[in-house]
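Below is one structure, written out as structure tokens; comments come after it.
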Amino acid sequence: MTAFGVIAGYAAVLLADARHYYTDDTEAQYAPMWVHLGNEMREGRFPALVPWEWMAGNYSLEEAGLYNPPQLLVHFLAPSVDNLAVYATLVKLVFSIIAGLGVYRTCLAYGARAPWSAVAGVAFPLSGWFLFFDQASWMTSHTATAWLVNAWASAVLYGRGRGGPIPLFVFLYLTLTVQYAFPAVLAGLMIAAVLAGEYVHRREWAPIRRLILASGCAALAALIANLPGLLSSQVTWRGNAKIHNDPFLTVPWSESLNASLPSTTPAFTAWWGYVQPLPMVYIAWFLIPALAFIDWRAVARSAGEISGIAFFAAAVLMWTAGPGAIGPLRWPARVLPMLAVTLLVLVCVLLSRHGVFSSSRRRAVAAAALIGVLFIRSVSAAPELVLRHLVAALTVAALGAAAVWLARHKGAATACVLAIVAMLPIAFGQVEASPSTPLSYNFPERRSTMTAAFPDFDGRTLQLADRALLAPQDRSITDAYGSLAIGNYAKNLGLEYVNGYTPIGHAAFAGLLCMAWDGSTCADGFRRAFATEQSTGRTIVDLMKIDRVVLHRAQYPNARDNAAPEGWQWVDYPGHERYIVVLERVDGLISTRNGIIADTAGVHATATRHNSFTSNARVTSIEGGRVVLSRLGWPGHRVTLNGEEIPYTTVAGTFIAVNIPAGTDNAELVLAWRPPGWELGIAGASGGLAGIGLLHWAFHRQRRRDLEVPADEPASSARALVGTSSTT
């Protein structure tokens, strides 16, 4: 029922907006990246580094999931689908079903019945932040959450002896290898909450030890995906480890009182100012009113068994209120989906185990009061929407009354069906009434359409453009998107563009060309690109070995009034003059000449072999000199001369430069790159796999011992022993 409910919810959302799951970062970052990495894989390359991308080519740091098998499958299949909107929607549907089933499994693990577990599982993908941001845009958070909730269920089952360590290891590994910091920290909080909850519940150390060991094995195995980011952070935008507070996307705890009103317009600072037009803090229509129908005395008697849920919910709730940034972790509102999960699990477990639906005026009054609080809180945020909130409050009251009547006369399972069915029109209405996400690009959906409209640029291209200068009417394939490559758009086209979308960014290179996260550049970008680097006497575009520079006409309206730089010429591309002007090399492509050798001084250097990870050259220098390579100085590079490692430096904080000693004669110079920490990562993966193998062996060995009861042992003792095994 959970999977079908999630599919029905998707259908309701798509009826309201067919592009809901293909917007913002999905269209500008993720979908093109999937296509690009899929093409790299199909050509037999492991795409940890694509050097010519410069801005966004170090995929050992990007949110690419290179060591996450399901994500690799997403990459591999992407080039086979022309319509990226359809592909992104299907991929997200799969992960939303996984997320819903994970919430369902977590409820069952804490003792909920299947119908209430299904209610929680269907409600989560339709909760506010997850629906409007993680599912619509931020794919990495979406996939990580899907794995994390399954890891939570597996942790509880393993801690209580009802499941083995391998599911916990697998789901935790998948969570930790999406290459995104938030789920990694949330996974740590989840494990800590489960550990605390299990100790409160059983007062035994054995479950604690095995959970710590299994989680540690997963963390060791995931080092291979996370060490490169940690060891490279000093050269990226994300290297700042400071903790500071600011109001942007910091959510006051009082917004939890909006969690059940579908019309909620929460009040905190975000893209739309202080009052948000999207129901970001909405969780489920029944969540808050249902508190009136729980036997809280019975809850107090069994609180220890479900205390882990409360611990996790409390930790996440505290995080939503700040600080605004903890190193690379910014925007606390991003943990709202996990708050939704914890509260849904908590309430549905309580309703399943301690729900009371008998006729009671006291409970009805309490439910009405809770709905009144929802109404007052929402009206206080947006008084001008009082009628809208009133209708929503009355709708929730009517649905709640119907659900209680069904539970009383037809059974709880029937009430659960109503709870799920009611979610569908609510989701439809919320999506239909919502504005587009704040950074929507409105990219075309079909790659074939993009390719047919775009110039066939060969070689390596640097684009100097500013997305902020595009008006809404420019954002179509017959206008700007037929000429300009914004974000990762060029990856859809199979073109070699320096520009790309990156949340990581090489700080020195970005500063060199004033390039932003979406590949946009400032108006000074042209001067910077053609500026002369003093130590080499060459321009930056020469050192980058750029073949073409595309200028955004809105940013450089008078560009063609000036003479082309020396060695360059203005080239006409009929049909594209409205948005771009183009400079190309007079002497043709240089990106294909002499490998990555960009400049030599006192050295004769000839490239012999070149691929993404390794470049070879023959060098000769009588008196000593220097070779500057057209390669960004990411950590992980190693330079050898005739097999002996030698140091290297950087020019302009960006380009790798190697000093060649005097007397060098036809020596082999090798520049090799591996993700930093790869040796430790492989060792960690080996240790993690070995460790989980031992834990799995120990689990089955203990289970066999528990089940091997002597024939002369009393039956009651045997039943007690088996029961202990199933609940430990």
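Just so it is clear, none of the values below were taken in a lab; they were calculated from the coordinates. Note that the coordinates shown come from a computational prediction; the quantities given were computed from them, not determined experimentally. Glycine gets a Cβ as well: all are built from the backbone with ideal geometry, and neighbour counts include every protein chain shown.
Worth pointing out:
- With respect to the chain, whose longest principal axis is taken over its alpha-carbon atoms, helix 336-354 is tilted by about 20°.
- Backbone geometry of the stretch 166-176 corresponds, through the Karplus equation with coefficients 6.51, -1.76 and 1.60 at θ = phi - 60°, to 3J(HN,Hα) couplings of 5, x, 4, 4, 5, 5, 5, 4, 5, 4, 7 Hz, x marking Gly and Pro.
- The mean sequence distance of close C-alpha pairs (under 8 Å, at least 6 residues apart), as a share of the length of the stretch 447-585, puts its relative contact order at 26 percent.
- What you get for the chain, charging only the Cβ of Lys and Arg (+1) and of Asp and Glu (-1), is a dipole of about 2840 debye around the Cα centre.
- At q = 0.11, 0.12 Å⁻¹, base-10 log of I(q)/I(0) for the stretch 2-433 (Debye sum, equal scatterers on each alpha carbon): -0.84, -1.01
- Of the residues SER117, SER137, TYR22, the one whose Cα sits farthest towards the positive end of the charge dipole of the stretch 1-152 is SER117 (charges of +1 on Lys and Arg Cβ, -1 on Asp and Glu Cβ, taken about the Cα centre).
- Dipole of the stretch 2-433, positive direction: furthest Cα of LEU90, ALA382, MET190, with charges on the beta-carbon: MET190
- Highest-first packing order for the peptide set 645-651, 222-228, 673-679 is 222-228, 673-679, 645-651, based on the mean count of other beta carbon atoms within 10 Å.
- For the stretch 557-609 versus the stretch 457-524, the gap between their alpha-carbon centres in whole angstrom: 18 Å
- Dipole check for the stretch 432-529: with +1 at the C-beta of Lys and Arg, -1 at the C-beta of Asp and Glu, and the Cα centre as origin, the magnitude is about 200 Debye.
- The chain - Cys residues lacking any other Cys C-beta under 4.7 Å: CYS107, CYS217, CYS348, CYS416
- For the chain, the longest principal axis of the Cα atoms and the long axis of helix 412-433 meet at an angle of about 40 degrees.
- Within the chain, percent of DSSP bridges classed antiparallel, to nearest 5: 90 percent
- Ranked packing of 124-134, 347-357, most packed first, by mean Cβ within 10 Å: 124-134, 347-357
- Peptide ranges 37-44, 516-523 listed from the most packed, as the mean C-beta count within 10 angstrom indicates: 516-523, 37-44
- Spatial separation of Cα centroids for the stretch 315-378 and the stretch 46-122, in angstrom: 26 Å
- Oblate is the label for the chain, because the ratio a/c of its alpha-carbon gyration tensor axes (a ≥ b ≥ c) is 1.5 or higher and a/b is not greater than b/c.
- Between LEU213 and ASP665, the modelled label-to-label distance comes to 6.3 nm, taking each label 7 Å out from Cα in the direction of the beta carbon.
- Summarised in one figure, the compactness ratio Rg/Rh of the stretch 563-661, Cα atoms and Kirkwood Rh, is 1.09.
- Against the chain, whose longest principal axis comes from its Cα atoms, helix 139-159 is set at around 40 degrees.
- Between ALA321 and VAL251, the built amide H atoms are under 5 Å apart, and every one of these is 5 or more places off in sequence or on another chain.
- log₁₀ of I(q)/I(0) at q = 0.10, 0.11, 0.13 Å⁻¹ - the stretch 447-585, Debye sum with one point per alpha carbon: -0.31, -0.37, -0.53
- Across the chain, Cα pairs under 8 Å and at least six residues apart give a relative contact order of 16 percent.
- For MET515, no residue has an amide H sitting under 5 Å from its own, ignoring neighbours fewer than 5 places away on the same chain, with H placed 1.01 Å from N.
- Cα-projected label distance for TRP271 with PHE76, points at 7 Å along beta-carbon direction, nm: 3.4 nm
- Candidate cross-link partners of LYS545 among the aspartates and glutamates, defined by an alpha-carbon separation under 17 Å and a same-chain spacing of 8 or more, comprise GLU53, ASP458, GLU496, GLU533, GLU566, GLU584, ASP587, ASP599.
- Whole-Hz Karplus values for the stretch 49-61 come out as 9, 10, x, 6, 6, 6, 6, 9, x, 8, 7, 6, 10 Hz, taken residue by residue from phi with 6.51 cos²θ - 1.76 cosθ + 1.60 and θ = phi - 60°; glycine and proline positions read x.
- The magnitude of the dipole of the stretch 597-673, with charges of +1 and -1 set on the Cβ of Lys/Arg and Asp/Glu and taken from the Cα centre, is near 240 debye.
- Backbone HN-Hα couplings from phi across the stretch 40-45 [Karplus 6.51/-1.76/1.60, Hz, Gly and Pro as x]: 4, 5, 5, 8, x, 10
- Long-range HN-HN contacts of SER360 with modeled amide H, under 5 Å: none
- By the helix-only formula, in which each DSSP H run with n ≥ 4 contributes -39500 (n - 2.57) and the sum is divided by residues, the chain has a 222 nm mean residue ellipticity of -14500 deg cm²/dmol.
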